[in-house]
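Trainee: Before we start, here is the structure in question, set down as structure tokens.
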Amino acid sequence: VQLQASGGGLVQAGGSLRLSCVASGGTFGSYAMGWFRQAPGKEREFVAAVDWRGGSLHYKDSVKGRFAISRNNAKNTVYLQMNSLKPEDTAVYYCAADRYGVSPTAEAYDYDYWGQGTQVTVSS
């Protein structure tokens, strides 16, 4: 399974970005999907996750109400809509697939496949 993330960029605080992650080579529709991020000098952290159907969502507390994860199984794609961005959201964002996932999980060790990351920079 290969995951290709895109949509990152430079945005001012308060702005929005939409990340996309396209999967190939597997059965995307059966995977739970997640987004993680890693800022310079910090550990990777969970951001958001969605179950295989898109009906169950899970978010890091600090992004609730600002970020929204969704998926389109017909397009093998998971999205992360990010609104009201803050400088502390600056990081490399990674998508990941949990091939045994029925429920969305925040634990990185549950994920089997990872994308290459896309840089998000929020200026103040």
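The values are calculated or read from the model by the stated rules, or taken from the named source; none is laboratory data. Owing to the predicted nature of the structure, the values given are computational and were not obtained by experimental measurement. Here the Cβ is made from the backbone with ideal geometry for all residues, glycine too, and neighbour counts use every protein chain on show. Heads up: the accessible areas ignore ligands, DNA and RNA and are worked out on the full protein's heavy atoms, side chains in. Shrake-Rupley method; radii C 1.70, N 1.55, O 1.52, S 1.80 Å.
Trainee: Restricting to Cα atoms and excluding each atom paired with itself, what does the Kirkwood estimate give for the stretch 52-124 in Å?
Mentor: Details: mean 1/r = 0.0737 Å⁻¹.
Result for the stretch 52-124 stands at 13.6 Å.
Trainee: Going from the alpha-carbon gyration tensor of the chain, what semi-axes, largest first and in whole Å, does one get by taking the root of 5 times each eigenvalue? Provide the component values of the computation, followed by the final result.
Mentor: Details: eigenvalues 101, 37, 36 Å².
Each semi-axis is √(5λ); the values are 23, 14, 13 Å.
Trainee: What number comes out for accessible area per residue over the chain if the probe is 1.4 Å? Units Å², please.
Mentor: On the way: 6210 Å² over 124 residues.
With all protein chains present, the chain gives 50 Å² per residue.
Trainee: In whole angstrom, and with the biggest value first, how far do the Cα coordinates of the stretch 4-75 range along each principal axis?
Mentor: 35, 24, 23
Trainee: Using the Cα centre as the reference, give the magnitude of the dipole from point charges on the C-beta atoms of the stretch 73-124 (Lys, Arg: +1; Asp, Glu: -1; all else neutral), rounded to the nearest 20 debye.
Mentor: Numbers: 3 positive and 6 negative charges, 48 e Å.
So the magnitude is around 240 debye.
Trainee: With the full set of protein chains in place, find how many percent of the accessible area of the chain is carbon and sulfur; take the probe as 1.4 Å. Could the numbers behind the result be given before it?
Mentor: Values: 2880 of 6210 Å².
Ligands and nucleic acids excluded, carbon and sulfur reach 46 percent.
Trainee: Given +1 on the Cβ of Lys and Arg, -1 on the Cβ of Asp and Glu, and no further charges, what dipole in debye does the chain carry about its Cα centre, rounded to the nearest 20? Please list the in-between numbers first.
Mentor: Values: 12 positive and 10 negative charges, 73 e Å.
It comes to approximately 360 debye.
Trainee: If you don't mind, there's one more thing I want to ask. What list of ³J(HN,Hα) couplings, whole Hz, do you get for the stretch 41-56 from phi and the Karplus terms 6.51, -1.76, 1.60, once you set θ to phi - 60° and write x for glycine and proline?
Mentor: x, 10, 7, 5, 9, 6, 10, 7, 8, 9, 6, 5, 8, x, x, 10
Trainee: Further question: Leaving ligands, DNA and RNA out of it, work out the accessible area of residue 88 with a 1.4 Å probe and give it in Å² to the nearest 10.
Mentor: Ignoring ligands and nucleic acids, residue 88 comes out at about 120 Å².
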